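**Student:** Below you will find the structure I want to go over with you.
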Amino acid sequence: MAGRPSWDEYFIEVAKTVSTRATCRRRSVGAVIERDRRILATGYNGAPRGVPHCEEYGCDITQRCQLAAHAEQNAIAQAAANGVSCSGASIYVTCQPCSGCAKLLINAGIRRVVFEGDYPDDLALELFALAGVDLYRFSSGKVELINAAR
């Protein structure tokens, strides 16, 4: 069937759709956690449950957002709230994870990270390499291996 997306394309596109729900005024990021080609959880950056969103709260974004949780954090929290293990799963993110999210993803058992946009955090890349997490950059419909698990 012509035009059918690869699994990487499919999950990145789902992450892009998830990012449209983001409430942070600084950056819209979406994340999808999958295992065995089944979506386990999704997340977007925004205020924690029950907390006013950035626009309602009046978040000051001159430095960095103080209110929103990152998409990866919200995806892990959604999985945990529903009793879903992320061990051995992959995550697709519309932006490279930061070092804080890298630590969380590593501890949650994520084994493969695919991201599309850049984020200036070299420590995150190093943490993934040290933890043996496969890291891929998605660009122009293809995935490029950044580092391979040991």
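**Student:** Between Q66, S90, Y44, whose Cα lies farthest towards the positive end of the dipole of the chain when Lys and Arg beta carbons carry +1 and Asp and Glu beta carbons carry -1, centred on the Cα centre?
**Tutor:** Of the listed residues, the answer is S90.
**Student:** State to the nearest 20 debye the size of the charge dipole of region 67-150 about its Cα centre, where the only charges are +1 on K and R beta carbons and -1 on D and E beta carbons.
**Tutor:** Numbers: 6 positive and 8 negative charges, 59 e Å.
With Lys and Arg at +1 and Asp and Glu at -1, about 280 debye.
**Student:** Now for a separate question. Return the single residue from L135, L123, L40 with maximal mean-square fluctuation; model: Gaussian network over the chain, springs between Cα atoms under 10 Å.
**Tutor:** Looking only at L135, L123, L40, the biggest GNM fluctuation is shown by L123.
**Student:** Nearest 10 degrees, 0 to 90: what angle lies between the long axis of helix 71-81 and the longest principal axis of the chain (Cα atoms)?
**Tutor:** 90
**Student:** Taking amide hydrogens as modeled 1.01 Å from N in the peptide plane, which residues meet the under 5 Å criterion relative to Q96, leaving out close sequence neighbours?
**Tutor:** Placed amide hydrogens put E116, G117, D118, Y119 under 5 Å from Q96.
**Student:** Considering only protein heavy atoms and a probe of 1.4 Å, how much of the accessible area of the chain is carbon and sulfur, as a whole percent? Mind showing how you got there, number by number?
**Tutor:** Details: 3920 of 8330 Å².
Here carbon and sulfur together make up 47 percent of the probe-accessible area.
**Student:** Before I look further, what does the chain give for accessible area per residue, probe 1.4 Å, in whole square angstrom?
**Tutor:** Computed with neighbouring chains in place, this is 56 Å² per residue.
**Student:** Under the rule of -39500 (n - 2.57) per DSSP H run of 4 or more residues, summed and divided by the residues of the chain, what mean residue ellipticity at 222 nm is obtained, to the nearest 500 deg cm²/dmol? Don't jump to the answer; show the numbers that get you there.
**Tutor:** Working: 5 runs with 48 residues, N = 150.
Estimated from H runs of four or more residues: -9500 deg cm²/dmol.
**Student:** Sticking with this structure for a sec: Charges at C-beta only: +1 for Lys and Arg, -1 for Asp and Glu. How large is the resulting dipole of the chain about its Cα centre, in Debye rounded to 20?
**Tutor:** On the way: 17 positive and 16 negative charges, 62 e Å.
About 300 debye.
The values are calculated or read from the model by the stated rules, or taken from the named source; none is laboratory data. Everything numeric here is computed off the predicted structure, so don't read it as measured data. With ideal geometry, Cβ positions are generated from the backbone for all residues, glycine too; neighbour counts draw on all protein chains shown. Keep in mind that these areas ignore ligands, DNA and RNA; they rest on the heavy atoms of the full protein, side chains included. Shrake-Rupley method; radii C 1.70, N 1.55, O 1.52, S 1.80 Å.
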